[in-house]
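K.L.:
Before anything else, here's the structure in question.
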Amino acid sequence: MNWHRLDREKTIDMINSVKSAAQALLFSPITSEAKCARLPFYEKHLLYRITNYSSLPTFNMDFLGDGERFFYLDGSDQPLMEINRNFGLILNAQTVIPYLCFYFFHVRSEDGEIIILKNPEESATIDLFDDERRENLTIIPDQTKIEIIENSLRVTTSLYYLGGLCEAAITVTRDGSVKIEPLRMLMRDMN
């Protein structure tokens, strides 16, 4: 992801905009950094991240915003759905995979961690994955099939899902809702 650091004035404005009275001590312009990144599936909204460097360990809070209004990414799909509903989602064959990578990184699932794999062999190193790798929106999976079906896109690809490797059909509706249908478990060579 290509991050752009906000200048001091914009950082102060953002911190003041997103902090509540309860969070007043979490972020300060002196000990925190704010940055933003463009997302290919949103025209008017960016991903914003505030990092607090004064705590150990350091921590981040992510938001979607237009520079004035920010939506905290709290692990639910609600902030994404609100942006999608009110401001639009650019969903096509070129943006559906970046949207899914973003969705799986920021929305917690009852099914545990979900990662789109570039190829099935990548699953052997799944325990080495870190947040930087998982938030990479430029992933281009091998042998991924994208179909347009009525008002949705259907992506068939390899996933790390339910604690294992599987091929799955993922349906993404025009409003950004995501539904996963496991098709088959994939085995990898353990030798």
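The values are calculated or read from the model by the stated rules, or taken from the named source; none is laboratory data. Being a predicted model, the structure only gives us computed values, none of them experimental. As a convention, Cβ positions derive from the backbone with ideal geometry for all residues, glycine included, and neighbour counts pool all protein chains shown.
K.L.:
Among what's in the range 22-62 and is out of contact with any Ser or Thr (no Cβ under 9 Å at 6 or more places or on another chain) and in a strand (DSSP E or B), pick the residue that is farthest from Phe87 (Cα to Cα).
P.N.:
Among them, the one singled out is Arg49.
K.L.:
So, of the residues in the range 1-16 that are among the basic types (Lys, Arg) and closer than 28 Å to Tyr99 by Cα, which turns out to be surrounded by the fewest Cβ atoms within 10 Å (Cβ to Cβ)?
P.N.:
Among residues in the range 1-16 that are among the basic types (Lys, Arg) and closer than 28 Å to Tyr99 by Cα, the one surrounded by the fewest Cβ atoms within 10 Å (Cβ to Cβ) is Arg5.
K.L.:
Give the number of residues within the range 72-82 that are of a type in the set (A, V, I, L, M, F, W, C) and surrounded by fewer than 20 Cβ atoms within 10 Å (Cβ to Cβ).
P.N.:
Looking only at that region, the number is 1.
K.L.:
Could you look through the range 169-191, keep only residues that are in a strand (DSSP E or B) and of a type in the set (A, V, I, L, M), and pick out the one that is modelled with the lowest pLDDT? Steps first, please.
P.N.:
Pass one, the range 169-191, residues in a strand (DSSP E or B): 169-173, 178-185.
Pick out the ones that are also of a type in the set (A, V, I, L, M) and you get 169-170, 172, 178, 180, 183, 185.
Details: Ala169: 95, Ile170: 96, Val172: 97, Val178: 96, Ile180: 94, Leu183: 83, Met185: 79.
Across the range 169-191, the extreme among qualifying residues is Met185.
K.L.:
Count, please, the residues in the range 92-112 that happen to be touching a Gly at 6+ places or on another chain (Cβ under 8 Å) and in a loop (DSSP other than H, G, I, E, B).
P.N.:
Pass one, the range 92-112, residues touching a Gly at 6+ places or on another chain (Cβ under 8 Å): 99, 103, 106-108, 112.
If we keep only those that are in a loop (DSSP other than H, G, I, E, B) too, we end up with 107-108, 112.
Number of matching residues: 3.
K.L.:
Looking at the range 70-91, which of its residues are part of a loop (DSSP other than H, G, I, E, B) and without any contact (Cβ under 8 Å) to a residue 12 or more places away in the chain? Steps first, answer last, please.
P.N.:
Residues of the range 70-91 that are part of a loop (DSSP other than H, G, I, E, B), as a first pass: 73-77, 88-91.
Within the range 70-91, Asp74 is the sole residue that qualifies.
K.L.:
While we're on this one: Are any residues in the range 147-168 under 16 Å from Pro98 (Cα atoms) and at pLDDT 90 or above, and if so, which ones?
P.N.:
Within the range 147-168, Glu147, Ser152, Leu153, Arg154, Val155, Thr156, Thr157 qualify.
K.L.:
So which of Phe27, Phe41, Phe59, Phe104 is hydrophobic (A, V, I, L, M, F, W, C) and assigned by TED's automatic domain parsing to the domain that holds Thr171? Break it down into steps so the answer makes sense when it comes.
P.N.:
Details: Phe27 fails: assigned by TED's automatic domain parsing to the domain that holds Thr171; Phe41 fails: assigned by TED's automatic domain parsing to the domain that holds Thr171; Phe59 fails: assigned by TED's automatic domain parsing to the domain that holds Thr171.
Answer to the selection: Phe104.
K.L.:
Then there is this: If Gly112 meets every condition in (1) modelled with pLDDT under 90; (2) surrounded by 14 or more Cβ atoms within 10 Å (Cβ to Cβ); (3) of a type in the set (Gly, Ala, Ser) apart from one, which number is that one?
P.N.:
Result: Gly112 passes all but (2).
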